[in-house]
Every structure is written in structure tokens, then in C-alpha cells.
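What follows is a single structure, written as C-alpha cells, with notes after it.
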Amino acid sequence: MFASAGKSVHIYALERGGLKNMSKYIPKTNESIKQISWCHDNSYLAVLQENESPQILSIKDPSNPCLVHTISLIADITALRFKSNTKRILALGTRYGEVLLYDTKNRCVTKSLGQLSAEVTMLEFYSADELLVICIDNLVMFNLISSEKVEFSNPHTCSALKCLKPTNDIAVGCLNGMVVIWDGATKCKKQTYCLHSAAVTGIVASNRDRLLVTTGTDNKMCVIDRISDLCVFRKILNQPITSLDISGNEQCMVAGLKDGSIYVYQMSDHLKPQICTRMHPTAITQISFINGFSLGLLESDSLLEEENQFDLIGAVKETLTDDLSLSVTPADLESNVEIQPLQASQVSHFLQHCPEVEVPEEKVKLDLIRLINSHFSHLENQLNDQCGRLHTLVSNELDSLYAVAARWECFKSMEMDDIVRYIYRIVTSKSETKIVSQ
């Protein structure tokens, strides 16, 4: 079961016959919905509209979602996220940089995490809910136990956020199309990918975070193998992709598009969606699967058979495009064997059965220019960082030299006798000081 948000919220179930639209919730105002968040047992859904107070919906009966609470205590809320281990605590971020923890049962603020320098755009709990990752212009991580705040020097404005739990990494998508992977423990940058030429809108991970799937407003869907640091699959859709999420058992992935369409992909076949239907009259702002592996999520009568085990790289091999350069089997995945390149005959065979995607020449040129600009921007930031470090080092060395030179400056205007008397006074005063101290 999953939800999609546009100017309304739809609840869906995946069944053998296709996609079942179980219910729809239409807010009182016509503002676009920015974010939605499931509580840990999926009984409540938090909904945040543009310029409106957050609403809590009861989804105990998925066929009849109903409004149970509107958070009017706090103004100008721009981001929200339920804690993953409780349905009571909701993290809220405001337009003025405030970050608060709100108790939905007692309907009050339980803790204020302070004020940041810019509007909070995204929130994500991390590391068993002990840490809260906050997106403003850059990235901030707040420790809820020690109240320690750590700021990451993310080079570009964040547009997508995903905490990768098995590896304790943080994936950040940027407005310029870059995807940056941060080590949550060391706070260091681990990997950077420049695959999109426009804003990244979705990041999901699978196979113990070995594989990342990213989407963007440049119509691209990219699959990245983090072991080899290669993009092993790239697909161009006919519309900008505005949201992406993956089911808890990693068998199904759903993309939301700008025209309101929903594409449901089986993870073993990325080349074409299993279901493609337009559900919203406006752009989809978020796709969100329920938490966990139960509660109707792809059960025995679902769209996907239970015996269809997850084999993403194997699927990539079957749906080869020009970007594909790897060939693995399920045994390779389980035994972590080294991945071998495809043979030329295999490539030829797969390319013959791979349908062509017609893309206008002007769009290809524009896409290429944007991608080049993204790479140049990344290199420019790296160069600026290195130049800044070099400038600091040289300045420190020059300061040391100036300090040494200043000590000798007094000798320039003195005669030799004066210099000798000056040195004698210094030595004598030091000797007297030593005797007195003894």
C-alpha cells in the first residue's frame, strides 16, 4: 500500500489485477501538498500543504481516511516527519529555521531543537531515531540525545534526502543534479555522482544500500552500483519525474510524474512500467509507501509473486541500454563475487531487443549542456575548496615569517655597541629572573 500527493492524497493497494485506488482525501483548500509522512504503524498520515497548517489523517480504515487533528499551534511549517518508532512524535521545521518535536497525543511541543539560518525544507530521522537530519540550504544533523549539532558543507542546495540505514550513509540530491553521499559517522563526503542535468527529486536504495536509484526533473531515472561507482542503467521518461519511493520488501518501485501519472515498476524489469496511469490532474509532489513489510504490502494476491526475489542488477542486464556495462547473476549478488564485463555478443544481442527511445535533438543538446555545467560546477567547488585551504596555509606561513622579521627589525637602526648592550640586558634580566625563582 502507498500514497500519492498532489492537490489531494490518494491511497492505493497493489493487486494482481493492477492498481486499486482505495480512497482519496481532498483538503479544504486548493493548495498543493508539499509533504506526507506515515507514522510507524501506518495508522496515521501527516499531510502538509503549501502555506497551510499540517493535518493528521487517520488511515486505520484505508478506504475512509478522515481528519483527526490540525496543528495550528505553530505557524509557517515547511517540513514534517514522523519518528520511525512511535506515532506520537512528529518533527516539524519552519520557514524561519526552527526545528520542533510535536506530541500528537498531547497536542503540544515537547522539545525545541533551536533555530537554523534558513528555511527547513526536509527532515529525516536516522540511526534508530537518535539523529535528525535537516535540510536547509545545506545539511545539518542534530543528535536528539546529546543535543549536538553538526553542519555538513554540502556544496549545493538540497532537493532530495535519503538516509541509508544499513550503511549509515546520507544521500543528498541537489538542485544542480548532483547526488552526494555522506558518511553519517565521520561526517565526510564518500561519493559524488553527476548523472542529472536538473534537480534530483527522488533517491531510493536497495540491496543493503549497494544500489541507488535516482530520478530528476530532467526526465531521467538512473541506477547506480555503489561498489563499482558506475551508472548501470539509465532511462529517459516522457515527463519530469517529481517523486520516487520503493516498497519495504524492495520488490516494487513507484515514480510520480509532473503530469500526475503514476508509473509502477517491478524491480526485476526497469525498461517499462508494469502499471502506467494518470491519477492526479496536477503534478505529483510525493510518493510514499507504508512502513514495514506487512499491512497489505505486496501480499500473496499482490501484483508481484512472492517467489520473485529481488535481483536488480540481473534485471539491469536483461534491460540493457547504452549505459550498461555489468553482468551478474543472483549467485554473484549472494556471494559478492567480482562483477565481470559483458561479452560483445551479449551486448549485441541485448541491444537488438532493446527498444529505442526517441528524444528530440535539441533536448539532447540542452541536456548535455546542463550535464556539462553540473560537472563544471562540481569541479569549481572542489577547486575553490582547495584554493581556500592553500590560501589559509600560505597566510599562516607568512604571518610566522612576519613575526620573526619583526623581532629583528629593531637591529636595523642600532649601532653595534647598542646591539651588544641590548643583548647583554636581555641575557642579564633572564639570569636574574632565574636566580630569584630559585
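For segment 9-29, the set of residues classified as free of Cβ contacts under 8 Å to residues at least 40 places away in the same chain and over 26 Å from ALA79 (Cα atoms) consists of GLY17, LYS20, listed by residue number.
Out of all the residues in segment 370-383, is one or more at pLDDT 70 or above, touching a Pro at 6+ places or on another chain (Cβ under 7 Å) and not assigned by the TED database to the domain that holds MET221? The answer is yes, given that some residue of segment 370-383 is at pLDDT 70 or above, touching a Pro at 6+ places or on another chain (Cβ under 7 Å) and not assigned by the TED database to the domain that holds MET221. Counting the residues of segment 197-232 that are more than 23 Å from CYS252 (Cα to Cα), in contact with a Lys or Arg (Cβ under 8 Å, 6 or more places away or on another chain) and not hydrophobic (A, V, I, L, M, F, W, C) gives 1. Looking only at strands (runs of 3 or more DSSP E) that lie completely in segment 1-108, which have at least 1 residues being farther than 30 Å from GLN274 by Cβ? By residue number, 44-49, 55-58, 66-70, 77-82, 89-94, 98-103. Of everything listed in (1) out of contact with any Phe, Trp or Tyr (no Cβ under 9 Å at 6 or more places or on another chain); (2) more than 22 Å from THR282 (Cα to Cα); (3) touching a residue at least 60 places away in the same chain (Cβ under 8 Å), the single unmet condition for SER32 is (2). Given the criteria under 15 Å from LEU144 (Cα atoms) and either surrounded by fewer than 18 Cβ atoms within 10 Å (Cβ to Cβ) or touching a residue at least 12 places away in the same chain (Cβ under 8 Å) (or both), does LEU80 qualify? It is false that LEU80 is under 15 Å from LEU144 (Cα atoms) and either surrounded by fewer than 18 Cβ atoms within 10 Å (Cβ to Cβ) or touching a residue at least 12 places away in the same chain (Cβ under 8 Å) (or both).
Assess whether ALA46 counts as being in contact with a Phe, Trp or Tyr (Cβ under 8 Å, 6 or more places away or on another chain), touching a residue at least 40 places away in the same chain (Cβ under 8 Å), crowded, with 21+ Cβ neighbours inside 10 Å and not β-branched (Val, Ile, Thr). In short, yes. For segment 170-198, the set of residues classified as in contact with a Cys (Cβ under 9 Å, 6 or more places away or on another chain) and surrounded by fewer than 20 Cβ atoms within 10 Å (Cβ to Cβ) consists of LEU175 only.
Per-residue answers, yes or no, for (1) of a type in the set (A, V, I, L, M); (2) within 25 Å of THR29 (Cβ to Cβ):
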residue: ASN64; (1), (2): no, yes
residue: ILE74; (1), (2): yes, yes
residue: LEU101; (1), (2): yes, no
residue: THR104; (1), (2): no, yes
residue: GLN115; (1), (2): no, no
residue: PHE142; (1), (2): no, no
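Elements of the type strands (runs of 3 or more DSSP E) sitting completely within segment 191-246 and holding at least 3 residues that are touching a Gly at 6+ places or on another chain (Cβ under 7 Å): these cover 200-206, 211-216, 241-246. The set of residues in segment 223-242 being touching a residue at least 60 places away in the same chain (Cβ under 8 Å) and surrounded by 22 or more Cβ atoms within 10 Å (Cβ to Cβ) consists of VAL223, VAL232, PHE233. Quick check on ASP259: is it within 19 Å of the chain's Cα centre (by Cα), in contact (Cβ under 8 Å) with a residue 12 or more places away in the chain, closer than 15 Å to THR201 by Cβ and in a loop (DSSP other than H, G, I, E, B)? Spelling it out, it is not the case that ASP259 is within 19 Å of the chain's Cα centre (by Cα), in contact (Cβ under 8 Å) with a residue 12 or more places away in the chain, closer than 15 Å to THR201 by Cβ and in a loop (DSSP other than H, G, I, E, B).
Can you tell me which residue within segment 247-260, out of those that are surrounded by fewer than 22 Cβ atoms within 10 Å (Cβ to Cβ) and touching a strand residue (DSSP E or B) at 6+ places or on another chain (Cβ under 6 Å), is farthest from ALA199 (Cα to Cα)? Across segment 247-260, the extreme among qualifying residues is GLU250.
Scanning segment 20-34 for residues that are surrounded by 20 or more Cβ atoms within 10 Å (Cβ to Cβ) and out of contact with any Gly (no Cβ under 8 Å at 6 or more places or on another chain) returns TYR25, LYS34. The set of residues from segment 27-45 being under 16 Å from THR121 (Cβ atoms) and small (Gly, Ala, Ser) comprises SER32, SER37.
Given segment 121-177, what strands (runs of 3 or more DSSP E) lie entirely inside it while holding 3 or more residues that are closer than 24 Å to GLU380 by Cβ? Passing ranges, in order: 158-164, 169-174. Among the residues of segment 62-77, are any surrounded by 15 or more Cβ atoms within 10 Å (Cβ to Cβ) and modelled with pLDDT under 90? No, segment 62-77 has no match at all. Scanning segment 100-125 for residues that are under 23 Å from THR201 (Cα atoms) and buried (at least 18 other Cβ atoms within 10 Å of the Cβ) turns up VAL120, THR121, MET122, LEU123, GLU124, PHE125.
The values are calculated or read from the model by the stated rules, or taken from the named source; none is laboratory data. This is a predicted model, so every value here is computed, not measured. Cβ: placed from backbone, ideal geometry, glycine included. Neighbour counts: every protein chain shown.
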